[in-house]
């Protein structure tokens with residue numbers, strides 16, 4: 001190689017070296033991210049919030065992994081706790097894709113970081129400071145083309161202010177927990193836009209959990225069915241009518257004057273629920289219960305005069321919006337074994353460490369085999385090599401036996417699972433709200449993975465690890481990986497003889513109807529089980545007394561009558577639960593202790609065997625060899 | 001090597017030490033076996049220390065016995081035999097010490113096998129997996145080997161005078177363990193075993209400790225070669241002067 005050629009190659013090499021750092025940046029596809037957080041950028045503390053991440057891909061089509069990380073608090077040694085949600089998405093060339101997420105907003109929430117990567121290479125990201133966006137106010141969501149519901153802020157009571165937010169139809173959550181932040185959703189008009197079916201389902205499921213949904217009337221009511229709300233409306237809207245005077249409307253009762261003026265009132269026919277107020281045959285206020293929540297229809301437009309200035313407007317709204325919905329994000333961190341459900345299941349279990357006599361037998365057998373090998377006289381019968389061989393054989397065999405007997409047969413140190421669920425429904429709704437609590441613990445330290453065949457469930461890590469001084473070492477954190485319709489929960493590592501608690505909430509289909517009526521001193525009950533599983537240990541709970549029904553097979557309808565005087569005390573476990581099943585009795589007692597003391601007319605109480613939510617624990621075993629227990633409560637018609 | 005094999009598998013005193021290991025570990029296991037329910041253990045928030053205690057006992061026994069084996073305390077004439085080998089034959093000292101080191105490795109392996117059933121039984125209730133059990137065995141074996149080489153070094157230094165050996169061997173061993181526990185805990189076998197199950201992130205510590213113990217064993221073996229070399233040259237000088 002001559003000097004000129006050498007110089008040429010050196011120049012090429014240097015220019016390549018100089019260009020190298022820029023190569024990845026040039027070849028890396030870059031995307032632009034934007035996020036719509038909460039409702040109108042408002043987050044309610046202690047509730048879940050919807051996030052829509054818009055990802056614009058100006059480059060070529062790419063398979064991207066999108067992760068959203070929320071951090072909060074300052075946990076162990078200043079390391080913040082948090083939640084990470086990972087989702088796969090295909091980003092077409094030159095397109096913008098909106099990807100919905102659900103994030104928790106604890107009181108000490110700090111930041112939201114969105115990261116888009118392709119094949120492990122970061123392609124874009126976004127950081128948002130969440131703290132300035134949070135509020136402690138109650139929120140009401142108004143689906144309206146105008147800011148016409150602001151007057152509802154006057155409903156603010158002593159326990160905090162109330163704000164009305166106006167999400168766009170496109171931005172409405174696709175998961176029921178996306179509405180966790182709002183106390184009510186008021187549908188005024190959708191600007192002739194149609195909701196997607198997943199948005200309607202999310203709204204319906206949210207109502208089942210205790211939400212309040214209000215459809216207002218007037219001319220805009222004609223948009224409700226075309227917008228996709230048909231199956232939620234308690235009425236069928238047939239047209240519009242003009243009125244100059246309306247009868248008094250007072251859902252809460254009391255004396256309220258009628259309204260005078262020019263009204264546009266939606267004409268309707270009742271489909272489900274009850275007419276609360278009517279003007280002759282024209283329903284003015286209709287209410288329908290769905291699960292724990294309610295759906296209201298107001299035939300008039302409350303945002304227009306003269307209703308907006310009517311004296312009874314605020315009391316009416318106060319009554320309608322006075323639900324008692326329990327927030328989805330209600331699983332406050334606590335010690336796992338302090339949870340009443342888990343404590344009752346664990347204390348009813350007899351599983352223990354392998355007994356000492358078993359160990360004594362093992363040690364005695366080993367020593368009995370070792371003794372003749374060691375004490376045998378040396379000589380032709382026990383040459384050193386034979387002794388060595390026997391020593392090796394005996395000790396290796398004993399090692400394998402010790403591991404197999406104590407580590408596999410008598411005791412399994414792997415991940416153990418205790419799970420209990422509450423399934424709540426109203427008769428005939430076809431939907432039930434499920435709260436499943438899962439305690440995982442292990443004798444040896446290991447990571448926990450839960451696979452959930454659902455994309456809409458709310459997962460909370462509620463079981464905290466506590467130190468000797470009984471203080472929390474760190475907040476629970478989770479990694480949720482959502483692929484298609486499956487969610488994988490990771491991020492919870494169980495320590496040695498440590499227990500953690502997961503709380504999962506979801507809405508599942510459940511076709512059970514119950515009717516319980518009292519005629520004199522007789523209680524007549526009709527229960528129809530349209531579910532594929534049998535209902536076990538059923539009884540009717542009425543006025544604090546229980547009336548047994550036994551097992552109800554799938555598809556069966558049971559008619560029973562009881563003398564009211566024959567009702568038993570439901571906490572008397574011997575009466576209702578199969579003999580020896582102390583786990584059910586313990587769970588029922590814990591549940592009865594936790595239950596709301598509401599004046600519920602009548603309930604069907606029963607048991608669904610097995611976990612209700614479709615979830616699996618790779619490597620996990622059900623503690624004590626028993627399936628999870630699910631307590632069913634169906635409120636009668 | 002064959003002589004060593006015959007000695008360690010036929011000498012009654014040595015064979016009794018095998019029974020001692022098994023019996024003492026069995027007692028330790030029985031004493032530390034958890035007698036509570038899982039619920040009580042979970043509520044107490046304290047995991048069973050069965051595995052750790054059994055492993056520490058095993059380490060203690062093998063350290064003591066390793067030092068004794070190394071110093072040839074269980075065979076009365078072997079100290080004299082070693083000196084004869086060195087002074088009367090021209091056998092390579094590296095080869096001589098190397099053979100003892102290799103036999104020590106094999107013998108330690110046998111001793112580990114004798115105690116392994118108790119560790120296996122303790123694994124389940126103590127919350128240890130295979131990696132932890134193998135790590136514990138590695139730490140115990142390597143530490144025992146180092147103690148054995150320490151015994152050999154003392155044997156080469158002091159010779160057949162048993163009281164003098166006892167005066168040196170155990171205090172030196174104990175002092176080195178105390179000093180390393182304070183100054184370099186990552187290299188101390190007791191520290192490694194005690195924190196084997198507690199320190200989830202320090203999974204490399206037991207292997208570091210085992211490697212350190214092996215290094216110490218090799219250094220001590222080298223020292224023994226040096227001392228024996230000195231003994232041989234001294235004997236040669238005395239033999240030359242005598243002639």
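The values are calculated or read from the model by the stated rules, or taken from the named source; none is laboratory data. Everything quoted here is computed from the prediction, not taken from an experiment. Every residue, glycine as well, gets a Cβ built from its backbone with ideal geometry; the counts of neighbours run over all protein chains shown.
Okay, residues lined up against (1) under 24 Å from residue B:177 (Cα atoms); (2) within 14 Å of chain A (Cβ to nearest Cβ):
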| position | (1), (2) |
| --- | --- |
| B:111 | yes, yes |
| B:118 | no, yes |
| B:134 | yes, yes |
| B:147 | yes, no |
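For the range A:417-445, filtered to residues that are part of a loop (DSSP other than H, G, I, E, B) and away from chain B (no Cβ under 14 Å), the residue that is surrounded by the most Cβ atoms within 10 Å (Cβ to Cβ) is A:429.
Could you please let me know if residue A:325 is in contact with a strand residue (DSSP E or B) (Cβ under 8 Å, 6 or more places away or on another chain) and touching a residue at least 60 places away in the same chain (Cβ under 8 Å)? Talk me through it step by step, then tell me what you get.
Working: in contact with a strand residue (DSSP E or B) (Cβ under 8 Å, 6 or more places away or on another chain): yes; touching a residue at least 60 places away in the same chain (Cβ under 8 Å): yes.
When the stated conditions are applied, residue A:325 passes them.
Within the range B:10-35, the set of residues being farther than 11 Å from residue A:359 by Cβ, touching a helix residue (DSSP H, G or I) at 6+ places or on another chain (Cβ under 8 Å) and without any contact (Cβ under 8 Å) to a residue 40 or more places away in the chain comprises B:10, B:15, B:16, B:19, B:23, B:24.
Condition check: in a strand (DSSP E or B), at pLDDT 90 or above and in contact with a helix residue (DSSP H, G or I) (Cβ under 8 Å, 6 or more places away or on another chain). Does residue A:507 satisfy that? So residue A:507 fits the description; yes.
Can you work out which of the residues in the range A:277-296 that are under 28 Å from the mean Cα position of the chain (by Cα) and in a strand (DSSP E or B) is nearest to residue A:428 (Cα to Cα)? Step through it out loud before you land on a result.
From the range A:277-296, those under 28 Å from the mean Cα position of the chain (by Cα) are A:287-296; that's our starting set.
Filter once more, keeping what is in a strand (DSSP E or B): A:287-290, A:293-296.
Values: A:287: 16, A:288: 12, A:289: 11, A:290: 9, A:293: 14, A:294: 14, A:295: 15, A:296: 18 Å.
Among those residues, the one meeting the criterion is A:290.
In this structure, does residue B:87 turn out to be more than 8 Å from every other protein chain (Cβ to nearest Cβ), under 21 Å from residue A:366 (Cβ atoms) and in a helix (DSSP H, G or I)? No, not satisfied.
For the range A:318-339, filtering for residues that are within 14 Å of chain B (Cβ to nearest Cβ) and buried (at least 18 other Cβ atoms within 10 Å of the Cβ) leaves 4. Output yes when any residue across the range A:244-255 is surrounded by 15 or more Cβ atoms within 10 Å (Cβ to Cβ) and either assigned to a helix (DSSP H, G or I) or without any contact (Cβ under 8 Å) to a residue 12 or more places away in the chain (or both), and no when none is. Scanning the range A:244-255 turns up no residue that is surrounded by 15 or more Cβ atoms within 10 Å (Cβ to Cβ) and either assigned to a helix (DSSP H, G or I) or without any contact (Cβ under 8 Å) to a residue 12 or more places away in the chain (or both).
Condition first: under 30 Å from residue A:494 (Cβ atoms) and either modelled with pLDDT under 90 or more than 8 Å from chain B (Cβ to nearest Cβ) (or both). Can you find one or more residues in the range A:390-404 that meet it?
Step one: list which residues in the range A:390-404 are under 30 Å from residue A:494 (Cβ atoms), which gives A:399-404.
Right, trim to either modelled with pLDDT under 90 or more than 8 Å from chain B (Cβ to nearest Cβ) (or both) and you get A:404.
Yes, the conditions are met somewhere in the range A:390-404.
Mind checking whether some residue in the range A:401-415 is assigned to a helix (DSSP H, G or I), free of Cβ contacts under 8 Å to residues at least 12 places away in the same chain and either more than 30 Å from residue A:619 (Cα to Cα) or in contact with a strand residue (DSSP E or B) (Cβ under 8 Å, 6 or more places away or on another chain) (or both)? No, every residue in the range A:401-415 fails to be assigned to a helix (DSSP H, G or I), free of Cβ contacts under 8 Å to residues at least 12 places away in the same chain and either more than 30 Å from residue A:619 (Cα to Cα) or in contact with a strand residue (DSSP E or B) (Cβ under 8 Å, 6 or more places away or on another chain) (or both).
Considering the range B:127-195, the qualifying helices (runs of 4 or more DSSP H), each wholly inside and each with 3 or more residues that are over 30 Å from residue A:494 (Cα atoms), run over B:130-158, B:162-183. With respect to residue A:370, is the statement that it is surrounded by fewer than 17 Cβ atoms within 10 Å (Cβ to Cβ), in a helix (DSSP H, G or I), facing another protein chain (nearest Cβ under 10 Å) and modelled with pLDDT of 80 or more true? No. Exactly one residue out of A:402, A:414 is touching a helix residue (DSSP H, G or I) at 6+ places or on another chain (Cβ under 8 Å) and over 30 Å from residue A:291 (Cβ atoms): that is A:402.
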